[in-house]
Structure formats: structure tokens, C-alpha cells
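The values are calculated or read from the model by the stated rules, or taken from the named source; none is laboratory data. Fair warning: this is a prediction, and the values are worked out from it, not measured in the lab. We place every Cβ from the backbone using ideal geometry, glycine too, and count neighbours over all the protein chains shown. Just the protein is used for accessible areas: all its heavy atoms, side chains included, with ligands, DNA and RNA removed. Shrake-Rupley method; radii C 1.70, N 1.55, O 1.52, S 1.80 Å.
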Amino acid sequence: MIDKLAFVHPDAKIGNNVTIGPWSYVGPGVEIGDDCWLSSHVVVKGPSVIGKGNKIFQFASVGEDCQDKKYAGEPTRLIMGDNNVIRESVTIHRGTTQDKGETVIGSNNLFMAYVHIAHDCVIGNNVIMSNSASIAGHVHVGDFAILGGLTGVHQFVHIGAHAFTAGYSLILQDVPPFVMASGQPAIPRGLNSEGMKRRGFSKESQLAVRRAYKTIYRKGLTADEAIAALSEETDDEQVKLMADFVSQSNRGIIR
């Protein structure tokens with residue numbers, strides 16, 4: 001149902017069983033998949049592709065031009081998967097030509113009120129960003145990561161899968177998978193052990209990740225030395241995920 005007080009541009013493509021509330025705006029170049037729900041006062045601009053079953057609450061701004069001063073109006077995109085919940089006053093910006101030209105968001109994510117997702121960010125699946133968490137341009141966030149309220153993430157930082165940042169954290173360097181971080185600037189505070197339990201990781205894998213954390217952070221090794229040590233310790237897939245993340249880090253990991 002499209003409310004008679006909503007504006008939907010003739011060039012927008014709207015799927016089946018979509019609800020668009022009063023005073024919402026859907027601009028040209030927007031595609032909205034089946035079963036989406038837009039509250040009142042929602043703005044969606046394009047080019048943007050919004051998947052199925054997404055819920056977007058009032059005053060959210062989705063697919064707006066980015067705030068990068070180099071942006072010159074190029075037709076960059078936002079691509080969003082399915083079943084995301086976008087709460088009040090969330091802002092999500094499209095990409096820039098300085099990167100791949102796309103901001104990409106996966107599926108089953110929860111973005112609480114006042115979250116900001118800047119240009120060229122890549123967010124996986126099942127991510128939670130708590131109230132007023134903000135990520136700058138080109139940030140990558142892995143699956144099942146949780147960002148506490150008012151977390152601020154520096155541009156180009158990568159946050160690994162299953163990582164956890166405490167409220168008010170300032171993230172200036174990469175956070176490896178499974179690691180909990182807090183502080184200003186944030187430092188490692190142990191493992192997201194509770195998250196691993198809830199997601200059904202085996203006890204063997206949890207123990208392997210715990211040993212990997214000690215190798216990375218407790219033995220006084222450089223990143224290269226830690227990577228080499230991890231490759232000799234175990235063939236556990238989650239440890240390999242951690243080792244690959246550290247080896248591919250451009251900004252360096254939090255210490």
C-alpha cells in the first residue's frame with residue numbers, strides 16, 4: 001500500500017506487498033523489493049537497490065548523496081540485501097568513484113536509531129549497530145559484528161566477523177574477528193566468548209580462538225610473527241579467519 005500522501009517517482013520500481021507511509025519520498029533510480037515497509041517521513045534516493053522484507057522507520061535517509069567533498073554528483077549506488085531493520089533517523093549514503101562506487105549492506109542487520117553509514121562502506125550480514133554508532137567512509141564490518149552505542153569508526157577501518165565494540169569506543173585501527181574492543185582509542189579487551197557460545201561454535205573452536213588471541217596479543221609478537229605462529233598451531237577455520245584478517249590489515253590491528 002502506498003499512502004496517497006507519499007511521493008513515489010514514476011521511474012522508481014516498487015515490488016509486491018510494499019507499504020509506503022505518508023510524507024515519504026522515493027526518488028528516481030530506486031528499486032524496492034517485495035514485502036518492504038516504509039514508515040512515514042522516510043527518504044529513499046537513488047540509484048539504490050533495496051532488497052526484500054526491509055523495514056525502514058520514520059526520518060531515515062537512505063541512499064542520499066555522500067558528504068565526501070570530492071563527490072561531484074556521479075551516479076554511485078547503494079545496494080542493500082533483505083530483512084534489514086533501519087530505525088529512526090538512520091542515515092545511509094551511496095558510494096564514491098574513489099572506491100567501487102557502491103555502499104553495500106547485506107541482510108538481517110539491525111541499525112538502531114541515529115546510526116550513520118558513510119559512503120563506500122561494506123557491511124555483512126546479521127550486524128547490529130546500536131544507537132548513534134557511526135562508521136566513516138570505506139569501513140568494512142564483518143558478519144555478526146556488534147557496535148555499541150556511540151561507537152565511532154575511522155575511515156578505512158575493517159571490523160572482523162563476530163567482533164564487539166563497547167559503547168563510546170573510538171576505533172582507529174582494525175579489530176580482528178571475535179575480539180572485543182573498548183576505549184578512546186579502543187584497545188583489545190578479550191574475546192567475544194559469549195557471542196561464540198550463542199552462535200554454536202564448538203568448544204574446540206572456542207579454545208583454538210582463545211589460544212590464537214593469546215598468540216596475537218600476549219606473546220609480544222609482531223603481526224607477521226603472530227601469523228606465522230598461528231599457521232603452525234592449528235588448522236581451525238576460525239583461527240584461519242583471524243590470521244587472514246591480520247595479514248590483510250592495511251591500517252594495522254588494535255593493540
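Place a label point 7 angstrom from the Cα of residue 235 along the Cα-to-Cβ direction, then list the residues of the range 186-222 whose backbone nitrogen is under 16 Å away. Zone members listed by number: 205. Checking the cross-link filter: which aspartates and glutamates have an alpha carbon closer than 18 Å to that of residue 69, excluding same-chain neighbours under 8 positions apart? Straight-distance partners of residue 69: 99, 102, 120.
Mean sequence separation of contacting Cα pairs (under 8 Å, at least six apart), scaled by the length of the chain, corresponds to a relative contact order of 9 percent. Taking only the Cα atoms of the range 14-74, the ratio Rg/Rh comes out at 1.01, with Rh defined as the Kirkwood radius.
Among the listed values (1) 17.5; (2) 16.8; (3) 13.6, the one computed from these coordinates for mean projected area of the Cα convex hull in nm² is (3).
Just check the range 92-200 against the gyration tensor rule for me: Cα atoms, a ≥ b ≥ c as the square roots of the eigenvalues, rounded for a/c under 1.5, and otherwise prolate or oblate depending on whether a/b exceeds b/c.
Details: a/c = 1.68, a/b = 1.41, b/c = 1.19.
Prolate.
By the rule of a C-alpha distance below 18 Å, with chain neighbours fewer than 8 residues away ignored, the aspartates and glutamates paired with residue 13 are 3, 31, 34, 35, 64, 82.
Taking 0.36 nm per residue of sequence separation and removing the Cα-Cα distance, the residue 250/residue 58 pair yields an extension gain of 65.4 nm. What the range 73-206 shows is 38 Å² of accessible area per residue, with the surface traced by a 1.4 Å probe over protein heavy atoms. Looking at the range 73-133, the pairs of alpha carbons with a distance over 18 Å make up 31% of the total.
Per Stokes-Einstein, at 4 °C and 1.567 mPa s, what whole-number D in µm² s⁻¹ belongs to the range 162-250, with the Kirkwood radius over Cα pairs as the hydrodynamic radius?
Numbers: Rh = 13.3 Å.
D, rounded to a whole number, is 98 µm²/s.
Between 38, 172, 241, which gets the highest mean-square fluctuation from a Gaussian network model of the chain, Cα cutoff 10 Å? Comparing 38, 172, 241 in the GNM, the peak value goes to 241. Measuring nothing but protein heavy atoms, the accessible surface of the chain at 1.4 Å probe radius is 51 percent carbon and sulfur. Take the Cβ-Cβ distance between residue 110 and residue 150 as r, set R0 to 25 Å, and report the resulting FRET efficiency rounded to the nearest 0.05. Rounded to the nearest 0.05, the efficiency is 0.95. Compared with the alpha-carbon gap, the fully stretched path from residue 97 to residue 34 is longer by 19.7 nm at 0.36 nm per residue. For the range 1-95, relative contact order (Cα pairs under 8 Å, six or more residues apart, normalised by length) works out to 22 percent.
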